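J.: What follows is a single structure, and I will ask about it in a moment.
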Amino acid sequence: MKKIYCDIKKCLGCGACEIACAVEHSKSKELDQSIKESPAPIKRRKAESISQSVAISTGCHHCDDAPCVAACMSGAMYKDKKTGLTKHDEEKCVGCWMCIMSCPFGALTRQKQDKIVVKCDLCPDRDVPACVEACPTGALFSGTEKEFEIKLKVKTKK
Amino acid sequence: MQYVIIGSSAAGINAIEAIRSKDKKADITVISDEKKPLYSRCLISYLLAGTIDEKKIWYRPDAFFKNNKVDAILGVKAEKIDPDKKEIALGNKKKIKFDRLLVATGSSPKLEKIPGVDKKGVYPLRTMEHAVEIQSMLAKVKKVAVLGGGLIGLRAAYALKNRGKEVSVFVRSPQILSQIIDKGSADIMQRHIEKKGINIITGRSAKEIKGSTSLSSVVLDNDSQYDCELVIIGKGVNANIDMVKDAGMKTNWGVVVDEFLRTSNKNIFAAGDVAESHDIALEEKSINAIWPVACEQGRLAAFNMLGENKIYDGTLAMNSLEFFGLPVISIGITRPKKEGYEELIKINPERNVYKKIVLRDNVIVGAIALNSVDTIGIIGALIKNKVDITSVKDIILEDYFDYGKIVNLIKDVKQGFKEKEFRETIMTL
């Protein structure tokens, strides 16, 4: 399964991923215009500090046994049978926040105006997710778990 | 192998999907006393409120049984289990054989034992049928009495207020939502709901419902009367255990199951509202009659019916509610009834924010998040994994407390956080 991984050693917690994500999920997809939109574009990635000099960029981890899918009472949150990704059907969402209650990563965000939840969709319109592309240090990586592990190994060998 | 499931709501549906994900050929039969069972029970009050249309109430599509090659016996009640013959007797006199059985019979609303409770115009709110019947009489209803200030009572009150009715809620306890949150947070929520035009009267219960062809009033325990044309009863639920009890299996408040969600009979499992299983926070057997638990138990029981021997970590009470834009989520023990608990509370009255963490020996066992719900799931993970949170205790109620703040904890603990997604986040730390 292809998803987004974060190399904590490289993450500065700068928030570039957050901005790129919000812009990608805006109507205009342009930073200068998107900030004037209503509802305001919502980021689905969060740059969070671990300690003073260590940070992590986190979002939906597309859990194998996804607690948000079990908790969803409307059937909006589901596993894609082919890819294994956790997907969200905004049309079916009723804004009960049961997924928020059960996500151990705090990866879901309320879009209060339409009373729906939003989450990382891995940028279906792009080859490389916006957050990964925007990351200035290369901390974010899009690929399979194996590919991420290989990337980490290559780096340590150097 | 013949798999039979009694009940086709959250636990039953998730069990079907779990069996099918591993075994494409097995015979699966599901028995439900409802003719159209694939709706989401939690959405009934949304339907009644008119905030969703009928299309949205379907948890799974019409073709679900067909797509999963399930023999669905609908609108028929399972009446008797013969564990020796491995046979179920149905209301239509037919008999069904099973190799593995899942009891997912759910629960039924408790009805008040007061005179008049059987009159027309008095309803619980549990099934689609209840919602449809209530809707059909709404045109003639001006005033509604809701008996019970729990989740269902308040959801019903909210729904009927949304439909333009005058609604009063009579709550026996000194606070609303007494099974879910503490008095401090409940009082904030109560004031908020009252401001939006629903009357809430705590410490007051009904002793009689009056009326002839239609309802006229509710008589309260102080002998005053409240005139109304509709009464909704939200007094909680009882597990539907009779059939299992009669068959000689171990029952208490629910059907008692072990860590594999197996009943005292090795071929019979139970999941959902009917199952009494280990509670992570209480550290004893309990029933948490909530949707997420029913789904996860249905799945896990199904895997164990297939012979996988998956251990269930246990249930955790969890509820998410929102009334007129004010959300609250609670997890685990929110009102400790014994000694030995510590409570951390942070209140911001201007913002209607109330946060509480309940600890036992520096391990979180419960939490309330009123109007500050977005990261409560992280607290839930700390509860489930029984982590000593001493190192983050002083920041745990801060608004900036997020997943980043528990990454070091996850790395340092010896047990817990066994899901691979946690490991993925700390592998570069």
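J.: Could you check the range A:126-140 and list, in sequence order, the residues that are in contact (Cβ under 8 Å) with a residue 24 or more places away in the chain and surrounded by fewer than 18 Cβ atoms within 10 Å (Cβ to Cβ)?
T.: A:R126, A:E133, A:P136, A:T137, A:G138
J.: Could you identify the single residue in B:I280, B:I268 that is among the β-branched types (V, I, T), within 27 Å of B:I357 (Cα to Cα), surrounded by 17 or more Cβ atoms within 10 Å (Cβ to Cβ) and in contact with a strand residue (DSSP E or B) (Cβ under 9 Å, 6 or more places away or on another chain)? Walk me through how you get there before you give the answer.
T.: Values: B:I268 fails: within 27 Å of B:I357 (Cα to Cα).
Step by step, each of B:I280, B:I268 is checked, and only B:I280 is among the β-branched types (V, I, T), within 27 Å of B:I357 (Cα to Cα), surrounded by 17 or more Cβ atoms within 10 Å (Cβ to Cβ) and in contact with a strand residue (DSSP E or B) (Cβ under 9 Å, 6 or more places away or on another chain).
J.: Scan B:K384, B:K405 and give me the residue that is facing chain A (nearest Cβ under 9 Å), touching a residue at least 60 places away in the same chain (Cβ under 8 Å), buried (at least 17 other Cβ atoms within 10 Å of the Cβ) and not hydroxyl-bearing (S, T, Y).
T.: B:K384
J.: Report every pair of residues separated by at least 6 positions or lying on different chains whose Cβ atoms are under 7 Å apart, first residue within the range B:109-133 and closer than 15 Å to B:V144 by Cβ and at pLDDT 95 or above, second part of a loop (DSSP other than H, G, I, E, B) and of a type in the set (D, E).
T.: These pairs meet every condition: B:G121/B:E229.
J.: Please specify each residue of the range B:318-351 satisfying the condition of being of a type in the set (A, V, I, L, M, F, W, C), touching a residue at least 60 places away in the same chain (Cβ under 8 Å), out of contact with any Leu (no Cβ under 6 Å at 6 or more places or on another chain) and within 14 Å of another protein chain (Cβ to nearest Cβ).
T.: B:M318, B:L321, B:F323, B:F324, B:L326 - these are the residues of the range B:318-351 that are of a type in the set (A, V, I, L, M, F, W, C), touching a residue at least 60 places away in the same chain (Cβ under 8 Å), out of contact with any Leu (no Cβ under 6 Å at 6 or more places or on another chain) and within 14 Å of another protein chain (Cβ to nearest Cβ).
J.: While we're looking at this one, here's another question. Residues of the range B:64-75 being surrounded by fewer than 18 Cβ atoms within 10 Å (Cβ to Cβ) and either within 14 Å of another protein chain (Cβ to nearest Cβ) or within 25 Å of B:I290 (Cβ to Cβ) (or both), which ones?
T.: Hits for the range B:64-75 are B:N67, B:L74.
J.: Follow-up question, since we're still on this one. Go through the range B:30-44 and count every residue that is in a helix (DSSP H, G or I) and closer than 18 Å to A:I116 by Cβ. Explain how you work it out, then say what you get.
T.: Let us first name the residues in the range B:30-44 that are in a helix (DSSP H, G or I), namely B:41-44.
Checking which are closer than 18 Å to A:I116 by Cβ leaves us with B:42-43.
Matching residues across the range B:30-44 total 2.
J.: Which of the residues belonging to the range B:25-41 are within 13 Å of another protein chain (Cβ to nearest Cβ) and surrounded by fewer than 24 Cβ atoms within 10 Å (Cβ to Cβ)?
T.: If the condition is that a residue be within 13 Å of another protein chain (Cβ to nearest Cβ) and surrounded by fewer than 24 Cβ atoms within 10 Å (Cβ to Cβ), then B:L38, B:Y39, B:R41 are the ones that fit.
J.: I'm checking my understanding of the structure. Among residues of the range B:408-419 that are more than 28 Å from the chain's Cα centre (by Cα) and surrounded by fewer than 17 Cβ atoms within 10 Å (Cβ to Cβ), which one is nearest to the other protein chains (Cβ to nearest Cβ)?
T.: B:N408
J.: Another one. Answer yes or no as to whether A:S49 is assigned to a strand (DSSP E or B), touching a Cys at 6+ places or on another chain (Cβ under 6 Å) and either crowded, with 22+ Cβ neighbours inside 10 Å or within 10 Å of chain B (Cβ to nearest Cβ) (or both).
T.: no
The values are calculated or read from the model by the stated rules, or taken from the named source; none is laboratory data. Since we're looking at a predicted model, the values are computed, not measured. Heads up, the Cβs are rebuilt from the backbone with ideal geometry, glycines too, and the neighbour counts pull from every protein chain shown.
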